[in-house]
Amino acid sequence: MRVGFDYRVARTHAPGAGRYARELVRALVRLPAPPELTLFDFGRGASAVPDEALGLRDAHAVRRHLRCALPRRALPWLARVGLPADRLCGGVDVFHRVEPAPVPVRNARVVRAVAELPPKGTPSFEAVARELRGLHRVFVFSAHGADRVTRDAGVDPARVAYTPVGCEHWRRDLTPDEAPRDEPLELGATGRAARVLVLGALRRDAKPGALLDALRTLRDRGVPAALTWAGRADDGREEWARGAGDADRLLVDPGEPDLRRLVAEADCVVVRPGEALTPVTALEACSLGAALLADRLPALEEAVGPLAEWVDPDERGPDALADALARALARSADPAERAARVRRAEAYSWRACGLATHAQYRN
């Protein structure tokens, strides 16, 4: 079987869709009977990930790595003159889209994974829903994701397939000097401050001010804690600037080595509010043993259940958040709880994602 894989984002974007593309291809080429892959690396964009980090050395299942620096907007024009993406790939049975903007395909069957949806009722949601209804397969990472794309986006349930997201990438790539938590956390002691981490864009709807207020409340109670927010600086920057203390820091656009080191060192990872259809951030934290503080989102509860400290949407005041954060930090210091989180993450591997994805290609 021949598969074209839209691979540009794997090279140009470290987190999110880029990591999904890199890790899935890395898993596919290591299957016992892998598909023949053409990596469709079409479009401009500076490389955010070095070639050696792609994990494709000696990957014989990669039939061709098609690199082209023409802008993506040239793709519809090329399709009009008889060169859609599947033909540029040399003829494929399946074309795996990764980026939301459709890539013109004429004869191959088209699949895509969905990790999030815009708010229902918005023009963006309607555009995504139309695209998803036209695909041969929509891959989801949770039962909640399947429910959203079938009920809200109107996708035929027969075309929706669950593929478990992998989460072991940072644990796999840790260097000896990046071992998780170099010293135990003792709450209220005179030792080091508790390390609290948020991954993702600094947006207003992630409520950075509420979390900063909770950290301040925790410090007033005699529990030293330092917050690191790692991600793109978005419309939450002013809220951050107003509330951040001397121990808090914003790390803008961190690379993969920075991310895995931060998670390995964190005592608690806070999963920001949102309508995520994938539990990947929570599972990444579990894979390195970090405690979790998370909004009660269906996709997250489904994956990690009682292993996280949950916050309901109406309990985001400083005192309630500080209480929840203190409970999460206490769980961080428990070796048995840490081992349980690592075991839970081990059930979500990129190999399992590759096997499930390959099965759907064949179907």
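The values are calculated or read from the model by the stated rules, or taken from the named source; none is laboratory data. Owing to the predicted nature of the structure, the values given are computational and were not obtained by experimental measurement. Note that each Cβ is placed from the backbone with ideal geometry, even for glycine, and that neighbours are counted across all protein chains shown.
Just so you know, in the range 1-51 the residues that are over 21 Å from the mean Cα position of the chain (by Cα) and among the charged types (D, E, K, R) include one that is nearest to ASP93 (Cα to Cα), and it is ARG2.
Quick check on the range 216-228. Is at least one of its residues within 21 Å of LEU325 (Cα to Cα), in contact (Cβ under 8 Å) with a residue 40 or more places away in the chain and loosely packed, with under 15 Cβ neighbours inside 10 Å? Looking for residues that are within 21 Å of LEU325 (Cα to Cα), in contact (Cβ under 8 Å) with a residue 40 or more places away in the chain and loosely packed, with under 15 Cβ neighbours inside 10 Å, one finds at least one in the range 216-228, hence yes. Just so you know, in the range 54-92 the residues that are in contact with a Lys or Arg (Cβ under 8 Å, 6 or more places away or on another chain) and assigned to a helix (DSSP H, G or I) include one that is modelled with the lowest pLDDT, and it is LEU54. Scanning the range 150-181 for residues that are farther than 11 Å from ALA113 by Cα, within 20 Å of the chain's Cα centre (by Cα) and of a type in the set (A, V, I, L, M) yields one hit, LEU174. Does any residue of the range 240-252 turn out to be among the acidic types (Asp, Glu) and farther than 28 Å from SER142 by Cα? Within the range 240-252, one or more residues are among the acidic types (Asp, Glu) and farther than 28 Å from SER142 by Cα. Taking only the range 7-37 into account, find how many residues are surrounded by fewer than 21 Cβ atoms within 10 Å (Cβ to Cβ) and assigned to a strand (DSSP E or B). Of the residues in the range 7-37, 1 are surrounded by fewer than 21 Cβ atoms within 10 Å (Cβ to Cβ) and assigned to a strand (DSSP E or B).
Considering the conditions (1) at pLDDT below 95; (2) under 19 Å from the mean Cα position of the chain (by Cα), ALA143 is excluded by exactly one of them, (1).
Selection of the range 27-86 for residues being touching a Cys at 6+ places or on another chain (Cβ under 6 Å) and farther than 27 Å from ARG232 by Cβ yields only THR38. Inspect the range 38-45 for any residue being closer than 22 Å to ALA276 by Cβ, buried (at least 16 other Cβ atoms within 10 Å of the Cβ) and hydrophobic (A, V, I, L, M, F, W, C) and give the result as yes or no. For the range 38-45, residues closer than 22 Å to ALA276 by Cβ, buried (at least 16 other Cβ atoms within 10 Å of the Cβ) and hydrophobic (A, V, I, L, M, F, W, C): absent. Considering each residue of the range 252-262 in turn, at least one proves to be crowded, with 21+ Cβ neighbours inside 10 Å and in contact with a strand residue (DSSP E or B) (Cβ under 8 Å, 6 or more places away or on another chain). Meeting the requirement of 1 or more residues that are under 21 Å from the mean Cα position of the chain (by Cα) and either buried (at least 16 other Cβ atoms within 10 Å of the Cβ) or assigned by TED's automatic domain parsing to the domain that holds PHE141 (or both), the helices (runs of 4 or more DSSP H) wholly within the range 297-362 are 298-304, 335-345, 350-362. Within the range 38-53, being on the phi > 0 side of the Ramachandran plot and assigned to a helix (DSSP H, G or I) holds for no residue. Filtering the range 88-121 to residues that are within 21 Å of the chain's Cα centre (by Cα), among the small types (Gly, Ala, Ser) and either crowded, with 17+ Cβ neighbours inside 10 Å or more than 16 Å from ALA21 (Cβ to Cβ) (or both) leaves ALA113, ALA115.
In the range 167-196, how many are assigned to a loop (DSSP other than H, G, I, E, B) and either out of contact with any Leu (no Cβ under 8 Å at 6 or more places or on another chain) or modelled with pLDDT under 95 (or both)? Show your work before the answer.
Residues of the range 167-196 assigned to a loop (DSSP other than H, G, I, E, B): 167-168, 174-175, 179-193.
Within this subset, residues satisfying the condition of being either out of contact with any Leu (no Cβ under 8 Å at 6 or more places or on another chain) or modelled with pLDDT under 95 (or both) are 168, 174-175, 179-193.
Here the count works out to 18.
Within the range 327-363, the set of residues being among the hydroxyl-bearing types (Ser, Thr, Tyr) and under 22 Å from TYR162 (Cβ atoms) comprises TYR348, SER349, THR357, TYR361. Every condition in (1) in a helix (DSSP H, G or I); (2) modelled with pLDDT of 95 or more; (3) surrounded by fewer than 18 Cβ atoms within 10 Å (Cβ to Cβ) holds for SER124 except the one numbered (2). The set of residues from the range 40-87 being among the aliphatic types (A, V, I, L, M), in contact (Cβ under 8 Å) with a residue 40 or more places away in the chain and under 16 Å from GLY18 (Cα atoms) comprises ALA48, VAL49, ALA53, LEU54.
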